[in-house]
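Some notes on the structure that comes next.
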There are 2 protein chains.
Amino acid sequence: MDYRFSQKMSTMKPSVIREILKLSSDPSVISFSAGNPASETFPTEKIAAITADALAVDPVKCLQYSVSEGYPPLREELVRWLGQDYGIDFSHNSLLVTSGAQQGIDLVTKCLVDEGDTILVEKPTFLGALNTFRSYNANLVGVEMEDDGVDLASLEQAIRSSHNPRFFYVIPTFQNPSGIVTSLAKRQGILEICRRYGVLVLEDNPYGDLRISGQPVPTIKSLDETGRDVIYLGSFSKLLAPALRVGYTVADDALMAKLVVAKQTTDVHSNSLAQIICAEFLTRWDVHDHIALLQEVYRKKAGVMCSALDTYLGGKVTYQKPQGGLFIWCTLPAQIDMPTFCKEAVKAGVAVVPGNAFYVNEEETCHSFRVNYSTPTDQQIVDGVQILAKIVENSL
Amino acid sequence: MDYRFSQKMSTMKPSVIREILKLSSDPSVISFSAGNPASETFPTEKIAAITADALAVDPVKCLQYSVSEGYPPLREELVRWLGQDYGIDFSHNSLLVTSGAQQGIDLVTKCLVDEGDTILVEKPTFLGALNTFRSYNANLVGVEMEDDGVDLASLEQAIRSSHNPRFFYVIPTFQNPSGIVTSLAKRQGILEICRRYGVLVLEDNPYGDLRISGQPVPTIKSLDETGRDVIYLGSFSKLLAPALRVGYTVADDALMAKLVVAKQTTDVHSNSLAQIICAEFLTRWDVHDHIALLQEVYRKKAGVMCSALDTYLGGKVTYQKPQGGLFIWCTLPAQIDMPTFCKEAVKAGVAVVPGNAFYVNEEETCHSFRVNYSTPTDQQIVDGVQILAKIVENSL
């Protein structure tokens with residue numbers, strides 16, 4: 001028989017990034033295109049020790065069905081840590097463990113968005129979120145970014161010209177793909193404007209721990225003294241390891257009741273062993289020591305990438321020095337056609353992601369590309385940038 | 001601010017079963033209400049050995065981002081096994097690893113169902129599936145069951161009186177909650193009728209390995225020589241352990257391309273360590289030996305439950321002797337009010353699930369309740385049935 005797909009899914013295509021990822025799994029291609037954390041940061045021995053202990057001491061806890069809300073000791077550890085380090089108040093909020101923060105984006109969208117409803121996003125923004133929003137047939141509106149976060153006047157304008165937008169999706173710290181850190185003033189401005197128009201803020205913070213310079217800026221969630229106006233997403237993907245698929249969503253209790261029902265219908269609960277690994281890691285060791293290690297690795301790798309860009313592409317590429325995260329947003333002179341550049345780069349053995357992949361409208365012209373410095377080795381970074389430099393030279 | 005939920009989620013309530021599960025986590029309550037496999041069947045030492053090896057030999061494979069389709073060696077092992085034992089032909093079909101079969105139900109619904117579209121289900125059927133369908137605002141139509149599966153005339157009638165139903169969801173082997181095995185003739189009839197009207201069959205087979213008597217019946221999927229008309233769902237939840245959250249979906253390649261995109265937007269990929277555990281288990285050991293062990297445990301437990309029902313409720317309860325699975329569907333005389341009976345049972349220390357929880361319309365009267373024999377100990381089975389018998393006696 002012939003298949004008729006749902007309207008929401010009928011226009012969906014495979015994610016550009018995941019297709020590029022597949023290409024870049026060719027070991028001869030230097031991958032600047034992934035969003036993978038550096039594998040050398042994985043605390044493998046600690047994870048192995050926790051796993052062995054858990055299976056020896058209480059296998060039923062590791063293997064039997066559990067509750068949808070998440071493994072209770074993990075939820076307790078997170079409430080403690082997020083309260084202490086991220087200023088999140090749990091007096092009227094609770095925490096749901098999700099299968100990666102990606103599932104948090106999915107469940108929030110499922111609970112809040114009808115087909116055709118508007119979602120506001122930063123321009124550019126995380127492709128994985130855009131695709132989730134698209135899979136619910138949402139109307140997406142991108143809001144222009146400045147060096148210190150979204151342009152507030154454009155945000156207000158976008159809200160006013162949309163019919164009842166459901167939420168504003170924002171990655172305020174080390175944004176993917178731009179690397180931008182939203183300033184405190186703009187975080188306050190975002191909350192004030194969204195609140196004034198009854199628009200929720202969906203704050204995604206997967207990279208917050210990966211600061212390599214400068215001072216931490218409070219989460220938008222910590223500025224929301226009502227507890228009702230910001231939904232907060234976090235993840236263990238960059239802190240411990242992505243294949244654990246453990247993330248979390250913090251929301252007001254009324255909203256959480258709905259999110260838990262959505263979670264039940266989606267995958268019942270997240271993998272228990274992975275939740276136990278995360279909980280025990282937070283319990284047995286000081287997470288700040290581990291974060292310091294991560295920051296050291298990323299500081300070094302970002303330094304190598306910036307040096308290479310300055311050395312081989314100085315005067316041709318424009319970029320903001322990263323304060324953290326995994327990405328640098330590189331802008332080339334306007335006369336270089338970006339899709340052609342990226343295709344030539346892959347052919348020459350370096351995968352980068354064209355900036356338009358992070359736009360609501362992928363057809364729009366973009367003179368930037370995203371590079372990742374956590375996946376490649378130092379040598380690959382130097383070699384890869386040299387290859388890119390040659391292509392730029394030939395294109396000018 | 002006040003929350004406005006999406007239409008599809010606004011009427012959703014927490015699953016009755018999961019709420020009952022919470023009640024029955026009180027250790028003083030004997031739980032006949034769960035759908036948990038027997039914990040003593042978990043191959044804990046083998047899982048611990050695989051995990052230790054995998055983390056020692058290739059930690060990056062266990063911990064780094066992977067592909068949405070699933071861990072390739074697991075997909076290969078499953079293709080081999082499902083081809084051999086379940087007659088599934090992969091020449092134009094492929095397999096997606098999901099976070100439990102529940103996620104397969106979710107993704108199939110997301111890809112095929114617009115709000116208001118009709119889904120046909122057995123009456124009664126698995127509550128978890130009903131809730132997933134409800135969370136997409138589907139129009140649900142239940143089709144009456146007979147002792148050997150759905151009534152075919154009712155199925156055809158239901159299709160004809162619905163506007164373009166999207167699929168028929170069916171658990172043909174050891175159905176949850178009824179325990180019914182759909183006969184081969186009816187499986188052929190279901191496929192023939194659905195095909196004639198262009199309705200897909202969504203075959204869910206989580207219990208297929210748990211046969212305790214009688215001969216295996218071919219899967220509906222194996223009868224579908226076109227490969228296009230049946231989507232097949234399987235799970236490791238009962239075979240190895242549910243908290244791994246590993247299931248799989250088999251579908252025609254055209255449909256699979258859409259399912260993979262939906263999977264990407266939902267949780268990127270399933271937990272890798274769990275997928276490696278499943279793959280290695282199928283590689284290192286003969287799964288038939290493990291299945292024989294499971295069958296032995298369940299045969300014994302089902303025997304204890306049937307003896308207790310016959311001894312203490314003989315002549316009052318009607319039920320079909322299970323050929324496998326985890327459940328027995330018990331019907332009481334019509335003068336007993338089922339919701340009252342179930343409430344009194346929990347108060348007296350035994351949790352069972354009222355049959356109407358498995359109906360499309362939960363308000364409809366049902367004279368049956370579901371008992372599970374895999375979770376309680378033998379002593380709890382005997383004690384629990386005696387408690388139920390007293391309540392029945394007092395209600396007549």
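The values are calculated or read from the model by the stated rules, or taken from the named source; none is laboratory data. These figures come from a predicted structure and were not determined experimentally. Cβ placement follows ideal geometry from the backbone for every residue including glycine, while neighbour counts extend to all protein chains displayed.
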Item checked: Restricting the stretch A:139-164 to residues that are crowded, with 24+ Cβ neighbours inside 10 Å and of a type outside the set (V, I, T), the residue that is nearest to A:G35 (Cα to Cα) -> A:G149
Margin query: It is to be established whether one or more residues within the stretch A:220-227 are of a type in the set (D, E), under 18 Å from A:S178 (Cβ atoms) and assigned by TED's automatic domain parsing to the domain that holds A:L152.
Written below: no
Check: For the stretch B:119-128, how many residues are outside any helix (DSSP H, G or I) and within 13 Å of chain A (Cβ to nearest Cβ)?
Finding: 2
Next item on the list: Output yes when any residue across the stretch B:168-187 is under 28 Å from A:N131 (Cα atoms), crowded, with 24+ Cβ neighbours inside 10 Å, in contact (Cβ under 8 Å) with a residue 12 or more places away in the chain and more than 11 Å from chain A (Cβ to nearest Cβ), and no when none is.
Entry: yes
Notebook entry, point to check: Taking the stretch B:116-138 on its own, how many of its residues are surrounded by fewer than 24 Cβ atoms within 10 Å (Cβ to Cβ) and of a type in the set (S, T, Y)?
Noted result: 3
Notebook entry, point to check: What is the one condition in (1) assigned to a loop (DSSP other than H, G, I, E, B); (2) in contact (Cβ under 8 Å) with a residue 24 or more places away in the chain that B:G116 does not satisfy?
Noted result: (2)
Note to self: I'm trying to understand the selection: among the residues of the stretch A:160-199, which are within 18 Å of the chain's Cα centre (by Cα) and not in a loop (DSSP other than H, G, I, E, B)?
What the structure shows: A:F167, A:F168, A:Y169, A:V170, A:R187
Notebook entry, point to check: Inside the stretch A:372-387, can you point out the residues that are touching a helix residue (DSSP H, G or I) at 6+ places or on another chain (Cβ under 7 Å) and not in a helix (DSSP H, G or I)?
Noted result: A:Y373, A:S374, A:P376
Check: A:L202: in contact (Cβ under 8 Å) with a residue 12 or more places away in the chain, more than 23 Å from A:E76 (Cβ to Cβ) and either assigned to a helix (DSSP H, G or I) or within 14 Å of another protein chain (Cβ to nearest Cβ) (or both), yes or no?
Finding: yes
Check: Scanning the stretch B:241-272 for residues that are farther than 15 Å from B:Q103 by Cα and more than 7 Å from chain A (Cβ to nearest Cβ), which turns out surrounded by the most Cβ atoms within 10 Å (Cβ to Cβ)?
Finding: B:D252
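Here is a yes/no grid of residues against (1) surrounded by fewer than 17 Cβ atoms within 10 Å (Cβ to Cβ); (2) facing chain A (nearest Cβ under 9 Å); (3) modelled with pLDDT under 95:
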{"position": "B:M9", "(1), (2), (3)": "no, yes, yes"}
{"position": "B:S15", "(1), (2), (3)": "no, yes, yes"}
{"position": "B:E19", "(1), (2), (3)": "yes, no, yes"}
{"position": "B:D26", "(1), (2), (3)": "yes, no, yes"}
{"position": "B:F42", "(1), (2), (3)": "no, yes, no"}
{"position": "B:K46", "(1), (2), (3)": "yes, no, no"}
{"position": "B:A52", "(1), (2), (3)": "yes, yes, no"}
{"position": "B:E69", "(1), (2), (3)": "no, no, no"}
{"position": "B:R75", "(1), (2), (3)": "no, no, no"}
Checklist line | Any chance B:E122 is closer than 27 Å to B:Q323 by Cα, of a type in the set (D, E) and either touching a helix residue (DSSP H, G or I) at 6+ places or on another chain (Cβ under 9 Å) or free of Cβ contacts under 8 Å to residues at least 60 places away in the same chain (or both) | finding: yes
Item checked: Filtered residues of the stretch A:93-107 (kept if farther than 13 Å from A:S135 by Cα and among the hydrophobic types (A, V, I, L, M, F, W, C)) -> A:L95, A:L96, A:V97, A:A101
Item checked: Residue check for B:I328: modelled with pLDDT of 95 or more, farther than 21 Å from B:L294 by Cα, β-branched (V, I, T) and not in a loop (DSSP other than H, G, I, E, B) -> no
Margin query: Show me the helices (runs of 4 or more DSSP H) found entirely inside the stretch A:23-105 where at least 3 residues are of a type in the set (G, A, S).
Written below: A:44-57
Next item on the list: Looking only at the stretch A:105-115, decide whether some residue is surrounded by fewer than 17 Cβ atoms within 10 Å (Cβ to Cβ) and within 11 Å of chain B (Cβ to nearest Cβ).
Entry: yes
Check: Looking at the stretch B:225-270, which of its residues are more than 21 Å from the chain's Cα centre (by Cα) and part of a loop (DSSP other than H, G, I, E, B)?
Finding: B:E225, B:T226, B:G227, B:R228, B:V268, B:H269
Next item on the list: Return a yes/no flag: does the stretch A:303-322 have any residue that is part of a helix (DSSP H, G or I) and either within 12 Å of chain B (Cβ to nearest Cβ) or acidic (D, E) (or both).
Entry: yes
Check: Which members of the stretch B:136-159 meet the condition of being more than 17 Å from B:T173 (Cα to Cα) and in a loop (DSSP other than H, G, I, E, B)?
Finding: B:Y136, B:N137, B:A138
Next item on the list: List every residue pair whose Cβ atoms lie under 7 Å apart, where the two residues are 6 or more positions apart in sequence or sit on different chains, the first residue falls within the stretch A:342-357 and is in contact (Cβ under 8 Å) with a residue 40 or more places away in the chain, and the second residue, located anywhere, is among the charged types (D, E, K, R) and crowded, with 17+ Cβ neighbours inside 10 Å.
Entry: A:V352/A:R370; A:V353/A:R370; A:G355/A:R370
Notebook entry, point to check: When only residues in the stretch B:209-232 that are among the aliphatic types (A, V, I, L, M) and in contact with a strand residue (DSSP E or B) (Cβ under 6 Å, 6 or more places away or on another chain) count, which is farthest from B:S374 (Cα to Cα)?
Noted result: B:V230
Checklist line | Residue that is basic (K, R) and touching an Asp or Glu at 6+ places or on another chain (Cβ under 6 Å), where the choices are B:R211, B:R187, B:R166 | finding: B:R166
Check: within 7 Å of chain B (Cβ to nearest Cβ), of a type in the set (A, V, I, L, M, F, W, C) and either surrounded by 20 or more Cβ atoms within 10 Å (Cβ to Cβ) or in contact with a helix residue (DSSP H, G or I) (Cβ under 9 Å, 6 or more places away or on another chain) (or both): does that describe A:A34?
Finding: no
Note to self: Condition check: away from every other protein chain (no Cβ under 13 Å), in contact with a helix residue (DSSP H, G or I) (Cβ under 6 Å, 6 or more places away or on another chain) and among the β-branched types (V, I, T). Does B:I88 satisfy that?
What the structure shows: yes
Margin query: For the stretch B:129-142, give me each residue that is over 22 Å from B:S178 (Cα atoms) and within 12 Å of chain A (Cβ to nearest Cβ).
Written below: B:S135, B:Y136, B:N137, B:A138
